[in-house]
1. So, of the residues in region 33-56 that are modelled with pLDDT of 95 or more and surrounded by fewer than 18 Cβ atoms within 10 Å (Cβ to Cβ), which turns out to be nearest to Ser140 (Cα to Cα)?
2. Output the residue which, of all residues in region 154-168 that are small (Gly, Ala, Ser) and assigned to a helix (DSSP H, G or I), is surrounded by the fewest Cβ atoms within 10 Å (Cβ to Cβ).
3. Going by what's in this entry, would Gly91 be described as out of contact with any strand residue (DSSP E or B) (no Cβ under 8 Å at 6 or more places or on another chain), within 30 Å of Leu10 (Cα to Cα) and either of a type in the set (Ser, Thr, Tyr) or at pLDDT below 95 (or both)?
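The values are calculated or read from the model by the stated rules, or taken from the named source; none is laboratory data. Computed from a prediction, not measured in an experiment: that's the story for all the values here. For neighbour counting, all protein chains shown are included, and Cβ atoms are generated from backbone atoms with ideal geometry for every residue, glycine included.
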Amino acid sequence: MSGHPLEPRLVAATVVAASFGALAAAYIAEFGFGLQPCVLCLYQRVPYAVAALLGAVALLPGVGGRGRLALLTLAGLAFLTDTGIAAYHVGVEQHWWAGTAACSGAGQPQPATVAELQAMLTRPPVVACDRPAWELFGVSMAGYNAVLSLGLGVATLAAVRLLWGKIA
């Protein structure tokens, strides 16, 4: 034993569990509490799904030590990518910069026929990215997500670094 109990499979399982936990929280907020996500909220879910998939593949029995660490490195980078998306979203919420066109519904074509108008009315409305659906202590869900994903990214990459010498 090399002085620390950290094992690659434990890190992979933690990546999967943390990713599913974050996604579960987002879906509970949406479907359980009716908090409608904006497009940036939806984008922030993608890196968690990617990290969960990478972590799950890293748990497969046929994946070797270096392959497992490579997958975990990619998962850590996915978390850090999510940090960037969440930080950008916080900036949009704070009006430090403008959001994307999809954040406001700008550029949506006007309906030319009654059928197009009916189709437009049956789609859910575009949720503005600059209005947080929920805050706690003045911090939005995007703000908490930025902190969470940064912590997960740093912890995952730090674990990979510790384990690299053990595997090599």
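1. Taking the candidates together, the pick is Val46.
2. Selected residue: Gly165.
3. So Gly91 fails the test.
Every residue, every condition in (1) part of a helix (DSSP H, G or I); (2) without any contact (Cβ under 8 Å) to a residue 60 or more places away in the chain, yes or no:
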site: Pro5; (1), (2): no, yes
site: Ala12; (1), (2): yes, no
site: Tyr27; (1), (2): yes, yes
site: Leu35; (1), (2): no, no
site: Leu60; (1), (2): no, yes
site: Gly67; (1), (2): yes, yes
